[in-house]
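Each reported figure results from applying straightforward, stated rules to the coordinates on display, with no laboratory input. It should be emphasised that the depicted structure is a prediction, and the values quoted were computed from it without experimental measurement. Backbone-built Cβ (ideal geometry, glycine too); neighbour counts: all protein chains shown.
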Amino acid sequence: MTEQQAITPEDKGVLVIGGGMAGLTAALEAAEAGCEVLLVEKSPYLGGRVARTNQYFPKLCPPTCGLEINFRRIKDNPRIRVLTMAEVERIEGNAGDYDVTVKVSPRYVREDACTLCDDCAKACPSERKDEFNFGLSKTKAVYLPHNMAFPASYVIDRDACPSGCTACAEACKYGAVDLDQKEERHTFKAASVVAATGWAPYDASKIDNLGFGKYENIVTNVIMERLAAPNGPTGGKIIRPSDGHEIRSVVFVQCAGSRDENHLPYCSAVCCAASLKQATYVREQYPDAQITIFYIDIRTPARLEDFYNKVTDDENLELIKGKVAMVEEDPATRDILVTAEDALNGRKITRAANLLVLATGIVPQTEGLPEGFELDEFRFVANAGGKKGLIGAGCVRRPEEVSATVQDATGAALKAFQCVRRANHG
């Protein structure tokens, strides 16, 4: 552990917690308005969940272009300091005058020296589950988080390393591997703090009647994104997890945990459009596949109405209004049997599918946020009330799509900028 050290210029700046799309936007907008910014991200890379997404809706374009532009803006802006593998431990003080303590975990690879030559990974004898792909694939213990990772540097999972192993360090001819790195703590003076810690999918294994974790051919919507992504565990080919076979039928179940007093009592806002988007993934690869979507209500307002009409104008896509009561597996075929109410026709029906996709809801990642942030009844950050200068941005504040997240984070940057101006200039 190193001695605490200040890493800010004379003026108090903005601390942004979280390096996903909301955090990137808030940091860039504040910095380009003239603020000094420290961007803190707990994972080894920036980009958050957007980096793990195959396509945006409704344009169905990959997120890599937008992320690349933002990464370039960060590189070109000397006002932004980025700390990955870092967590905010403590925030003390008041609006305009916060003292922040940040813990930085060792990466064991020097970002400034890593050339991405891959020699370290080739020499590594150990493997780990790939968190970026939800454990559907493996990496070496020394790994690049993904092919567009920023910072563009390998990282070492020491928990996955054999005791005493130094193969990666011996293989690195650039001296980038540093197995002696230690945990550090830094202090930062901030006028304002933006929480952009994002969201996580609801744990589908808690929903007893939907079979996730019990049957191999049931996945969640976030896993479906990785199955369809070119840099995913299957190279972008959507296949049946149990045997790798091609898909002839898919069932999507909406509101998996959302709008349910036993799980998430609120609507997660984006799940309907996300499932329609994922239906296009299936249709692109399997022109004749049968697609069924069980829903409570389809919520695709405003500009998403045309997207809804375009996707559902498909004779092999069926929308059925009704809640799923039971999910079973056919032991002979390992197909998933989905029994649900067909509310519009007043009957119970069963659909068989090679693959079942659960549209799990959005859970705000407020666990571990420093004291001072006010949370609402659903544990989203509530900007109204609370301590001034502590601001939420993006899905930690409310469920929303990427474009709305960017707008919300831009507003958070403006609020942070106002705090900075008051603190530094009166």
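At 222 nm, what helix-only mean residue ellipticity would the chain give, in deg cm²/dmol to the nearest 500, using -39500 (n - 2.57) for each DSSP H run of four or more?
Helices in the chain give a 222 nm mean residue ellipticity of -6500 deg cm²/dmol.
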For segment 52-126, state the average projected area of the convex hull of the C-alpha atoms over all orientations, rounded to one decimal in nm².
9.1
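Could you order peptides 31-41, 364-374, 147-157 by the average number of other Cβ atoms within 10 Å of their residues, highest first? Let's see the in-between values first.
Working: 31-41: 22.8, 364-374: 16.8, 147-157: 20.5.
The most tightly packed comes first, giving 31-41, 147-157, 364-374.
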Rounded to whole Å, √(5λ) for the Cα gyration tensor eigenvalues of segment 225-309, largest first, gives 25, 16, 12
Angle, helix 64-75 long axis vs. longest principal axis of the chain, Cα atoms, 0 to 90°, nearest 10?
10
State, to one decimal in nm², a quarter of the convex hull surface area for the C-alpha atoms of segment 107-261, i.e. the direction-averaged projected area.
13.7
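Hey, could you grab the Kirkwood Rh for segment 66-110? Inverse mean 1/r over distinct alpha carbon pairs, Å, one decimal. Intermediate values should be presented prior to the final figure.
Numbers: mean 1/r = 0.0766 Å⁻¹.
The Cα-based Kirkwood calculation yields 13.1 Å.
Relative contact order for the chain: what is it in percent, counting Cα pairs under 8 Å that are at least 6 residues apart?
Details: 937 pairs, mean separation 86.2, N = 426.
Rounded, it is 20 percent for the chain.
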Compute log10 of I(q)/I(0) for segment 365-426 with the Debye formula, placing one identical point scatterer on every Cα and leaving out solvent, at q = 0.14 Å⁻¹, to two decimals.
-0.42
So what are the radius of gyration and Dmax for the Cα set of segment 144-211, in Å?
19.2, 54
Segment 33-78, Kirkwood Rh and Cα Rg, ratio Rg/Rh at 1.03
Evaluate segment 203-361: find the radius of gyration of its Cα atoms, find its Kirkwood radius, and give the ratio Rg to Rh.
0.93
Per-residue ³J(HN,Hα) for segment 315-329, Karplus 6.51 cos²θ - 1.76 cosθ + 1.60, θ = phi - 60°, Hz, x for Gly and Pro:
5, 9, 10, 10, 9, 10, 7, x, 7, 7, 9, 8, 10, 9, 10
Using a 7 Å offset from Cα along Cα-Cβ at residue 113, what residues in segment 140-154 end up with backbone N under 17 Å from the label point?
142-143, 152-154
